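The values are calculated or read from the model by the stated rules, or taken from the named source; none is laboratory data. Just so it is clear, the structure is predicted and the values come from calculations on it, not from any experiment. Cβ coordinates were reconstructed from backbone atoms using ideal geometry, including for glycine residues, and neighbour counts include every protein chain displayed. Each accessible area value is taken on the protein alone, full model and side chains, heavy atoms only, with ligands, DNA and RNA left out. Shrake-Rupley method; radii C 1.70, N 1.55, O 1.52, S 1.80 Å.
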Amino acid sequence: MVNRATYQAAKLVATKVEAHFAKHLAEANAKGEIDLAPQPPARVVEAILDAAFWSSLRKEEGHSPKISIAFLPPEQAGKPLLFNQTLKLNPTILTKLAPGVERGGIHIGVWHDGYNLHIWGTTISIPNYCFVVDVSEPGLLVIKHRRIYGFGKYTNVAVLKGDQIKIVEEKSAGNPHCPPMLLSLLDLTAHSYWNDSANILIQLAVSMRAHGRGGAVLVVPQQSATWKQSIIQPVSYSLEPSYKGLADLVSKDRPDASEIFWQSALKREVDHLAGLTAIDGATVLTDTFELLAFGAKTGRANSSAHIQEISFSEPIMGGDAVVIHPAKTGGTRHLSAAQFVFDQRDAHALVASQDGHFTIYNWSPHLQMVQAYRIDTLLL
């Protein structure tokens with residue numbers, strides 16, 4: 001049906017990706033779910049990854065391609081943009097199309113005629129569990145699918161960077177005190193609504209990574225002030241009263257307004273808060289998304305010991321939990337977040353590094369220690 005790939009990582013990962021989609025589509029069919037995408041065979045996965053990878057290394061008018069490729073027939077694409085004649089799926093065509101489809105939410109549609117893959121047009125609508133390959137920088141491919149429930153972020157299946165392969169491992173969320181945010185990213189939660197707190201935090205994390213300056217968010221219980229024991233006074237940017245822009249938006253029942261309106265309103269508020277995380281110091285939010293302070297410096301709470309170890313893991317194959325010193329997860333920002341959660345065990349922390357790494361910290365009563373999950377593989 002298609003030519004074999006010359007990109008070796010595509011060959012290595014194709015059968016695993018096929019198995020992932022086969023499993024999830026079978027489960028969705030058994031539950032009676034509708035609007036399901038076709039299952040991508042390994043040879044199709046391999047061919048699309050191959051074309052996407054070699055395209056990513058090219059440039060069009062000095063710019064590297066930023067594209068999203070979806071495997072589906074046009075009949076499942078809502079109201080697609082259809083070409084009069086189909087185009088060959090190859091790096092040259094993808095590179096030429098890239099400038100017109102690099103905005104978020106636009107996918108290049110790929111299907112087959114029984115023998116060869118071709119590009120039929122573009123779409124902003126895809127079915128559940130549709131196989132998608134994103135190219136965001138040279139040599140970096142992210143395999144993902146639309147979440148069957150939830151709002152916003154797609155679910156990542158694997159990340160390929162050159163010859164490095166990271167395959168997302170769902171069983172890594174087996175800890176009884178795994179953060180809801182991680183469960184949602186792995187698509188292991190039940191039906192979640194547009195204003196579900198885990199979905200909001202995911203979008204905040206994506207926005208924090210996007211500004212590239214690094215940052216930290218401390219999420220504290222709304223009805224508690226003990227977190228102040230771990231904050232060095234005075235706080236440069238303490239707010240009185242608290243800022244409730246995002247809190248007020250997510251607390252409302254969604255009225256009969258368009259989804260685009262709510263997506264835009266939510267993105268505006270999330271980006272507002274995420275921008276503040278670029279300022280030196282930590283941003284403090286309540287668990288209902290009220291902004292209490294930013295630019296805050298953390299310190300050990302009274303009578304607290306220095307944190308000596310944490311459980312660290314990454315939700316990928318081979319990323320099993322290991323006990324390490326918290327300084328090994330990153331710089332001062334990471335160590336401060338781990339100490340904060342060690343002292344304030346009803347809080348959790350989100351930390352973005354300038355290099356793109358992103359880590360969640362929370363307290364595990366089961367392990368009796370802080371646990372850290374590196375989730376940047378899931379946020380791409």
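For the range 330-376, a residue qualifies if it is more than 22 Å from V206 (Cα to Cα) and of a type in the set (G, A, S), and exactly one does: S364. When P65 is tested against (1) part of a loop (DSSP other than H, G, I, E, B); (2) of a type outside the set (K, R); (3) open to solvent by 40 Å² or more (accessible area, probe 1.4 Å), just one condition goes unmet, and that condition is (3).
Within the range 295-322, the set of residues being open to solvent by less than 30 Å² (accessible area, probe 1.4 Å) and either aromatic (F, W, Y) or over 30 Å from V17 (Cα atoms) (or both) comprises G295, A296, G299, A301, S304, I307, I310. Every condition in (1) under 20 Å from L239 (Cβ atoms); (2) within 21 Å of the chain's Cα centre (by Cα); (3) outside any loop (DSSP other than H, G, I, E, B); (4) not small (G, A, S) holds for Y361 except the one numbered (1).
Rundown of residues vs (1) modelled with pLDDT of 95 or more; (2) farther than 30 Å from H306 by Cα; (3) part of a helix (DSSP H, G or I), yes/no style:
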| site | (1), (2), (3) |
| --- | --- |
| L188 | no, yes, no |
| L218 | yes, no, no |
| Q263 | no, yes, yes |
| L266 | no, yes, yes |
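Total residues in the range 68-86 satisfying the condition of being within 27 Å of the chain's Cα centre (by Cα), open to solvent by 60 Å² or more (accessible area, probe 1.4 Å) and of a type in the set (S, T, Y): the figure is 0. For the range 323-339, a residue qualifies if it is open to solvent by 70 Å² or more (accessible area, probe 1.4 Å) and among the aliphatic types (A, V, I, L, M), and exactly one does: V323.
Has the range 87-110 got any residue that is open to solvent by less than 50 Å² (accessible area, probe 1.4 Å) and touching a residue at least 60 places away in the same chain (Cβ under 8 Å)? Looking for residues that are open to solvent by less than 50 Å² (accessible area, probe 1.4 Å) and touching a residue at least 60 places away in the same chain (Cβ under 8 Å), one finds at least one in the range 87-110, hence yes. When A293, A301, A338 are screened for being in contact (Cβ under 8 Å) with a residue 24 or more places away in the chain, part of a strand (DSSP E or B) and either touching a His at 6+ places or on another chain (Cβ under 6 Å) or among the small types (G, A, S) (or both), only A293 passes. Quick one: in the range 116-165, of everything that is under 19 Å from F71 (Cβ atoms), among the charged types (D, E, K, R) and in a loop (DSSP other than H, G, I, E, B), which residue is most open to solvent (accessible area, probe 1.4 Å)? Checking each candidate, the answer is R146. Taken over the range 221-237, the criterion of being farther than 19 Å from Q339 by Cβ and either assigned to a loop (DSSP other than H, G, I, E, B) or open to solvent by less than 80 Å² (accessible area, probe 1.4 Å) (or both) is satisfied by Q222, Q223, P234, S236.
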